[in-house]
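Engineer: If you scroll down you'll find the structure; I have some questions about it.
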Amino acid sequence: MKTMSFVLHGDLCDSRDPQHLRTIRDGFLVCEEGVCAGAFPVLPEQYAHLPLLNCAGRLIIPGLTDLHVHAPQYTYRALGMDLELLEWLKVNTFPEEARYADPDYARRAYGLFVEDLKRSATTRAVIFATVHRESTELLMDLLDRSGLAAFVGKVNMDRDCPDGLREDTASSIAETKWWLAETVGKYDRVFPILTPRFIPTCTDGLLAALGELAAETGVPVQSHLSENQGEVELVRSLCPDAAFYGDAYDRFGLFGSHGSCVMAHCVHSTQAELERMKERGVFVAHCPQSNVNIASGAAPARRYLDEGLNMGLGTDVAGGFSLSILRAMADAVQCSKLRWRLQDQALKPLTAAEAFWLGTAGGGAFFGKVGRFLPGYDFDAVVLDDRRLAAARPFTLEERLERAIYLSDERDIEKKFVMGTELF
Ligand code: GUN
Ligand code: FE
């Protein structure tokens, strides 16, 4: 894969701010050595010498970020969604994840996952693997070869899960250190992220050791937070001294105090939890489809957005059945409407523009300058051919984007770039 300097010509659409789109019909998007030099209605003279990739009539949007997805669960997506979280984990998740002790199974299953992720509009993902070091490294190798950018976590858990998945505390940490030694600095675009699964499967001893690792290495952290009512109650009984669920991570330095941190779901977070997340810059991975499928609830995404929390979208496969962040945008809008209508009239529904912000700039920020067509941002772009969606009358560029969010699929993705390299 070669990173080049070039100009993409087409109908450009990114976010100006969380509420507003910026559209440039027949615009020019400039890539200089993998970095965006800007989006222009007229090509500036200084870039006239660069090769021009003509995508006239196509929609060109920033690459999408999936802030929370479980690669090993891709196999059983769309199955077994009649249970709530804690039962769902026991019945569906743990038996499937136990298979990843076998590297041959992992190679096949992760191969299919990475192939589909590559074909999607997602350019970046923050991924849970399983407790197995070898399979996790295999997944990282596959992602590296795909050209996608990702954080990948070897999961840690040392209690309340089946034999075969449950690690003892010392070996969980030893394996994690080994894994970090092998993967930190190994790839250009794939990085390890510390991954205590969630409080119910992690002892204080494990959390304390992971917190020390986070402090020593600056490696980021991902986990689950306040997803399901039963889970929140369980955490309260397991950690009577914690002020709230997130505090059970924070007291071990696993809540953004040593580096970036992303917490999935936050459906039932209290105001105190939110304040702490704001203080620490913790990212919310909003996973609307999963929250419906396993009946966790409708997260108050509007409140998080208005209060200025860091937030992006996650598919949470296999809580979510779809790997599409465009679909997650539509789901985010729909869930916000149900929350507004049924639960909380103070929180207005999200607009399509706001959901688009979350799937591009909002989640992209976890990776740095990602998710917008501004100078200095990584050049991640998706070229969508929306002619399949044509109707009896023309649409504005804003309308075409909104229709693409709801109606397009992988068939319509013509090209994809990550840091200036063309994946296809
Ligand atoms: N909480 C702990 N593990 C999981 C998981 O695999 N999926 C979801 N949705 N929530 C979790
Ligand atoms: Fe999850």
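Every number here is computed from the coordinates shown, using simple stated rules; none is lab data. None of these values were measured; they are calculated from a predicted model. Reconstructed Cβ throughout: ideal geometry from the backbone, glycine too, with neighbour counts over all protein chains shown.
Engineer: To test your reading of the geometry: what angle, between 0 and 90 degrees and rounded to tens, separates the Cα axis of helix 103-119 from the longest principal axis of the chain?
Structural biologist: The helix 103-119 is inclined about 30 degrees to the chain.
Engineer: In a GNM of the chain with a 10 Å cut-off on Cα contacts, which of LEU85, LEU234, LEU148 has the highest mean-square fluctuation?
Structural biologist: Comparing LEU85, LEU234, LEU148 in a Gaussian network model of the chain, the most mobile one is LEU234.
Engineer: With a 10 Å cut-off between alpha carbons and a GNM built on the chain, which of PHE395, PHE321, PHE94 moves the most?
Structural biologist: PHE395
Engineer: As I understand it, the value is the acute angle between the Cα axis of helix 204-217 and the longest principal axis of the Cα atoms of the chain; what does it come to in degrees, rounded to 10?
Structural biologist: 40
Engineer: Among VAL42, GLY312, PRO200, pick out the residue whose Cα is farthest towards the positive end of the charge dipole of the chain, where Lys and Arg carry +1 and Asp and Glu carry -1 on C-beta, about the Cα centre.
Structural biologist: VAL42
Engineer: Ok, one more. Need one word for the range 276-417: rounded, prolate or oblate. Basis is the Cα gyration tensor (sqrt eigenvalues a ≥ b ≥ c); a/c below 1.5 gives rounded, then a/b vs b/c decides.
Structural biologist: Verdict is oblate for the range 276-417.
Engineer: Is the C-alpha gyration tensor of the range 301-347 telling us rounded, prolate or oblate? Criteria: a/c under 1.5 is rounded; beyond that, a/b larger than b/c is prolate, otherwise oblate.
Structural biologist: Details: a/c = 2.59, a/b = 1.49, b/c = 1.74.
Oblate shape, in that a/c is at least 1.5 and b/c is the bigger or equal ratio.
Engineer: Build a GNM of the chain with springs between Cα atoms under 10 Å: which of VAL370, VAL292, VAL30 gets the top mean-square fluctuation?
Structural biologist: VAL292
Engineer: Still on this structure, please answer the following. Straight-line reach from LYS177: which lysines fall under 25 Å, measuring Cα to Cα and dropping same-chain residues less than 8 apart?
Structural biologist: Within the straight-line limit of under 25 Å, LYS177 reaches these lysines: LYS154, LYS186.
Engineer: Follow-up question, since we're still on this one. Among GLN345, PRO300, ALA390, which residue has its Cα positioned farthest towards the positive end of the charge dipole of the chain, with +1 placed on the Cβ of Lys and Arg, -1 on the Cβ of Asp and Glu, and the dipole taken about the Cα centre?
Structural biologist: Farthest along the dipole direction, towards plus: ALA390.
Engineer: Helix-derived [θ] at 222 nm for the chain: sum -39500 (n - 2.57) over DSSP H runs of at least 4, divide by residue count, nearest 500?
Structural biologist: Calculated from helices alone, the mean residue ellipticity at 222 nm is -10000 deg cm²/dmol.
Engineer: Based on the mean of other beta carbon atoms within 10 Å per residue, what is the order of 382-393, 266-277, most packed first? Intermediate values should be presented prior to the final figure.
Structural biologist: Values: 382-393: 14.6, 266-277: 19.8.
The packing order, highest mean first, is 266-277, 382-393.
Engineer: Turning to a different aspect of this structure: Expressed as an acute angle from 0 to 90° and rounded to the nearest 10, what is the orientation of the C-alpha long axis of helix 133-146 relative to the principal long axis of the chain?
Structural biologist: 0
Engineer: Aspartates and glutamates within cross-link reach of LYS415: Cα-Cα under 16 Å, excluding same-chain residues under 8 positions apart?
Structural biologist: Straight-distance partners of LYS415: ASP11, GLU115, ASP116, ASP380, ASP385, ASP386.
Engineer: Ranking request for peptides 237-243, 129-135: highest mean number of other beta-carbon atoms within 10 Å first, then the rest in descending order.
Structural biologist: So the order, starting with the most tightly packed, is 129-135, 237-243.
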